[in-house]
1. Look through segment B:408-431, keep the residues that are assigned to a loop (DSSP other than H, G, I, E, B) and closer than 18 Å to residue B:491 by Cβ, and return whichever of them is most open to solvent (accessible area, probe 1.4 Å).
2. Within segment B:147-181, track down each residue that is farther than 22 Å from residue B:111 by Cβ and open to solvent by 10 Å² or more (accessible area, probe 1.4 Å).
3. Please work out if residue B:362 is away from every other protein chain (no Cβ under 13 Å), in a strand (DSSP E or B), among the aliphatic types (A, V, I, L, M) and over 30 Å from residue B:539 (Cβ atoms).
4. Given the condition within 14 Å of chain A (Cβ to nearest Cβ), β-branched (Val, Ile, Thr), part of a strand (DSSP E or B) and more than 21 Å from residue B:135 (Cβ to Cβ), answer yes or no: does some residue in segment B:215-222 qualify?
5. Scan segment B:445-465 for residues that are open to solvent by less than 90 Å² (accessible area, probe 1.4 Å) and not in a loop (DSSP other than H, G, I, E, B) and jot them down.
6. Find all pairs meeting these conditions: Cβ atoms under 7 angstrom apart; at least six residues apart or on different chains; first residue within segment A:16-29 and closer than 16 Å to residue A:134 by Cα and more than 9 Å from chain B (Cβ to nearest Cβ); second residue open to solvent by 50 Å² or more (accessible area, probe 1.4 Å) and assigned to a helix (DSSP H, G or I).
7. Quick check: anything in segment B:298-311 closer than 22 Å to residue B:203 by Cα, within 14 Å of chain A (Cβ to nearest Cβ) and surrounded by 17 or more Cβ atoms within 10 Å (Cβ to Cβ)?
8. Filter segment A:35-48 down to residues that are crowded, with 18+ Cβ neighbours inside 10 Å and among the acidic types (Asp, Glu) and give me whichever is nearest to the other protein chains (Cβ to nearest Cβ).
Amino acid sequence: MIDFSQDYFSLFGLPPRYRFDPAALDAAYHALQRAVHPDRYASAGETERRMALQSSARVNEAYQALKDPVGRAQYMLSLRGIDALAETNTALPMEFLQRELERREAMDAVQSGVDRSGLAALLDTVRRDAATLEATLADRLEAQEWNAARDAVRELRFLTKVADDLEVAIAADEG
Amino acid sequence: MALLQIAEPDAAPAARPPRLAVGIDLGTTNSLVATVRHGIPVVLPDAEGRPLLPSIVHFGAHGVGVGYPAQDALVADPQNTIVSVKRLMGRGLADLSDARRFPYRFIDAPGMVKIETRAGVRTPVEVSAEILRSLRVRAEASLGGALAGAVVTVPAYFDDAQRQATKDAAGQAGLNVLRLLNEPTAAAIAYGLDNASEGIYAVYDLGGGTFDLSLLKLSRGVFEVLATAGDTALGGDDFDHRIYCWALETAGLGPVSPSDTRLLLLKAREAKENLTAHASTPLVATLSTGERLDLTLTAATFTTITATLVSKTLQPVRKALRDAKLAVEAIDGVVMVGGATRMPQIQKAVAQFFGMPPLTNLDPDQVVALGAAIQANVLAGNRAEDEDWLLLDVIPLSLGLETMGGLTEKIVPRNATIPITKAQEFTTFKDGQTAMAMHVVQGERERVSDCRSLARFELRGIPPMVAGAARIRVTFQIDADGLLAVSAREQTTGIEAAITVKPSYGLADTDIARMLEDSQAHAAADMAVRALTETQVEAQRILGATRSALDADGDLLDAPQKAEIDAAVSTVRERLAGTDRHALQAAVAALNRVTADFAARRMDRGVAGALTGRRVDLLARD
């Protein structure tokens with residue numbers, strides 16, 4: 001069974017770096033699941049089946065945390081005792097809050113208007129901003145600037161939420 | 001099928017016979033049972049050679065009929081002849097937007113409707129169990145022995161209540177469920193292994209009453225579901241219903257009797273099937289009132305009256321692509337599953353959407369059962385030497401908890417790969433609060449009232465603290481069947497509460513007691529025999545597993561450990577020869593106990609092996 005005290009990077013035999021080869025993560029993930037997935041133990045005894053379930057669930061949790069760029073950053077910060085999304089930790093740069101407010105207003109304007117074709121364009125802008133911010137986040141993590149990275153994670157979470165809302169709105173339009 | 005079984009006479013001197021395992025496609029309209037014979041998946045036909053079992057149960061004056069006999073009673077006795085019961089699984093009356101389309105006498109009950117029949121009140125679970133029992137009997141007669149287990153398929157978009165209801169039905173039918181498998185995933189296994197495919201595939205699965213769309217990545221023997229979407233109340237039935245409505249309107253008829261409704265729906269289905277190969281079809285019927293319908297339905301009219309249904313299937317396609325963050329151009333192939341995909345307008349719409357003709361080289365009626373049989377064979381422990389594929393599936397709908405103000409807090413997002421465990425901390429909102437109500441919901445909407453309620457439970461005995469001081473950790477665990485268990489623990493005191501989201505459809509205790517009585521009456525004579533057989537099958541299974549574990553990794557044990565396991569094995573063997581079920585159960589439990597540490601070390605070795613291979617690979621990369 002897998003070692004539950006290991007961090008996610010060690011679990012997959014990867015260096016604890018933000019920038020890595022996603023193909024290496026996929027390959028390690030598949031190799032580990034081949035070893036622990038419940039389907040491999042379906043005809044085993046009860047104890048083995050339970051251990052397989054727990055191990056496989058852990059491997060999935062770890063994979064999902066590392067696969068997602070924001071999740072990976074959040075996880076790296078948590079290894080250093082920083083909870084990027086802690087409720088007490090509400091200070092965000094003023095300029096970001098300003099931009100966020102503008103985005104929400106733009107979204108409301110488009111949504112309440114008759115012509116909703118602007119939603120897709122807005123989504124594109126948000127995605128572009130997120131991509132830029134992700135690059136910044138990567139640089140900060142590589143430079144071990146943890147507090148700056150934490151701010152970037154918080155901003156990115158906001159952007160993800162806006163993008164999700166836009167997607168829901170666009171989907172509603174589609175039918 | 002390219003599934004070769006390589007027999008190595010030296011490695012397996014006493015080759016044991018394969019364990020009997022089947023895959024079951026429990027469909028809205030038809031059900032099938034399949035198995036793997038000599039490495040090849042085959043559907044098991046009935047005594048008359050018919051592969052399909054109509055999913056119809058008739059509660060007649062002289063007993064219960066399933067399949068074709070039940071179909072014959074459909075028009076004469078519509079209220080006691082249950083069709084499309086799959087649409088009722090895990091559903092309350094309020095969930096059924098189309099309840100009035102069924103001619104049944106429904107009884108509303110918390111969580112799941114019941115049906116009043118001649119034989120008494122029946123739940124959809126009990127009706128489904130009749131169908132499954134019929135398939136089990138067919139399989140056991142055909143294979144000549146008790147089944148070690150079955151893989152039962154469910155629509156990928158089934159929620160927790162619908163899955164649990166299906167698993168319960170299988171249990172009532174005397175089946176050992178090895179796994180609940182998503183239908184499109186089953187089809188992908190059958191299709192992917194048959195064609196040695198690689199790449200990203202869309203499985204478009206339009207059944208009798210459900211629609212699923214799954215996107216899978218097939219690479220080096222791994223079937224990875226990227227996203228799934230669907231509609232559990234959209235299928236071939238709805239196309240029949242459109243024809244039925246068109247026929248009534250065209251003939252200028254008002255509402256007709258349940259019996260005539262059944263007759264016309266059967267005629268509508270025939271017409272639909274005719275239009276697969278013809279440009280027009282007659283629709284002729286004489287109603288019980290003496291009125292006569294003599295209509296002609298053209299393919300063009302059929303396409304027009306069903307256009308909204310066809311486009312309704314494309315919404316989940318778009319949603320799944322969005323969830324997987326894929327453009328339609330990224331899809332390497334589209335697999336068609338379900339009899340309803342034979343309709344030309346469906347084929348055309350799918351080809352147009354994906355910009356390529358869909359793949360139809362496996363029988364769309366059989367492909368799900370065949371895939372389920374392949375997985376059942378592997379799960380039962382009959383994996384061939386060179387058979388090394390792995391399946392990674394997902395949950396279709398987000399799971400969460402109700403928080404203040406009737407809002408949903410998502411704990412596990414949709415399309416998360418299973419099995420998975422996720423935990424989140426909550427706190428009290430009032431000073432001195434000593435209990436916390438947990439309301440588990442499934443769905444994507446923000447308001448709890450728009451999601452499906454799965455279960456409610458309470459964590460009590462929290463010591464009085466100021467608001468926000470208690471730390472309640474709620475853990476969601478989803479197993480490989482996609483079934484949820486929830487537990488809650490107050491971190492500072494260790495107070496715990498847990499629930500397997502089992503009574504989600506609100507079975508009252510009296511129901512359970514009655515169901516047990518019924519099932520006992522059903523098999524009064526062989527009940528005890530069956531229980532013993534089941535224990536023997538389990539004992540054989542653990543003996544087999546222990547033997548192969550010792551063969552592969554016996555070197556992990558020192559002499560005393562090995563002796564302890566050997567002794568426990570001998571006890572199980574001795575008691576297998578007898579008929580004392582409880583003694584055998586105790587011996588199996590003892591063997592499980594003494595092999596626990598060995599099992600953990602074996603898994604360690606597997607994990608270490610997986611990573612060693614990886615490290616070499618990684619070095620080569622750098």
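The values are calculated or read from the model by the stated rules, or taken from the named source; none is laboratory data. It should be emphasised that the depicted structure is a prediction, and the values quoted were computed from it without experimental measurement. When we count neighbours, we look across all protein chains shown, and the Cβ atoms used for this are built from the backbone with ideal geometry, even at glycine. Surface accessibility is based on the protein's heavy atoms, side chains included, excluding ligands, DNA and RNA. Shrake-Rupley method; radii C 1.70, N 1.55, O 1.52, S 1.80 Å.
1. Initially, segment B:408-431 is screened for residues assigned to a loop (DSSP other than H, G, I, E, B), giving B:413-416, B:418-419, B:427-431.
Going one step further and asking which of them are closer than 18 Å to residue B:491 by Cβ, we end up with B:427-429.
Numbers: B:427: 59, B:428: 7, B:429: 116 Å².
The qualifying residue most open to solvent (accessible area, probe 1.4 Å) is B:429.
2. B:147, B:148, B:174, B:175, B:176, B:178, B:179
3. Details: away from every other protein chain (no Cβ under 13 Å): yes; in a strand (DSSP E or B): no; among the aliphatic types (A, V, I, L, M): yes; over 30 Å from residue B:539 (Cβ atoms): yes.
No; evaluated as a whole, the condition is false for this residue.
4. Yes, segment B:215-222 contains a residue that is within 14 Å of chain A (Cβ to nearest Cβ), β-branched (Val, Ile, Thr), part of a strand (DSSP E or B) and more than 21 Å from residue B:135 (Cβ to Cβ).
5. Initial filter on segment B:445-465 (open to solvent by less than 90 Å² (accessible area, probe 1.4 Å)): B:448, B:450-455, B:457-459, B:461-463, B:465.
Those that are open to solvent by less than 90 Å² (accessible area, probe 1.4 Å) and not in a loop (DSSP other than H, G, I, E, B): B:448, B:450, B:452, B:453, B:454, B:455, B:457, B:458, B:459.
6. Close Cβ pairs (under 7 Å, with a partner that is open to solvent by 50 Å² or more (accessible area, probe 1.4 Å) and assigned to a helix (DSSP H, G or I)) amount to A:18/A:142; A:19/A:142.
7. Residues of segment B:298-311 that are closer than 22 Å to residue B:203 by Cα, as a first pass: B:306-311.
If we keep only those that are within 14 Å of chain A (Cβ to nearest Cβ) too, we end up with B:307-311.
Pick out the ones that are also surrounded by 17 or more Cβ atoms within 10 Å (Cβ to Cβ) and you get B:309-310.
Yes, the conditions are met somewhere in segment B:298-311.
8. The qualifying residue nearest to the other protein chains (Cβ to nearest Cβ) is A:48.
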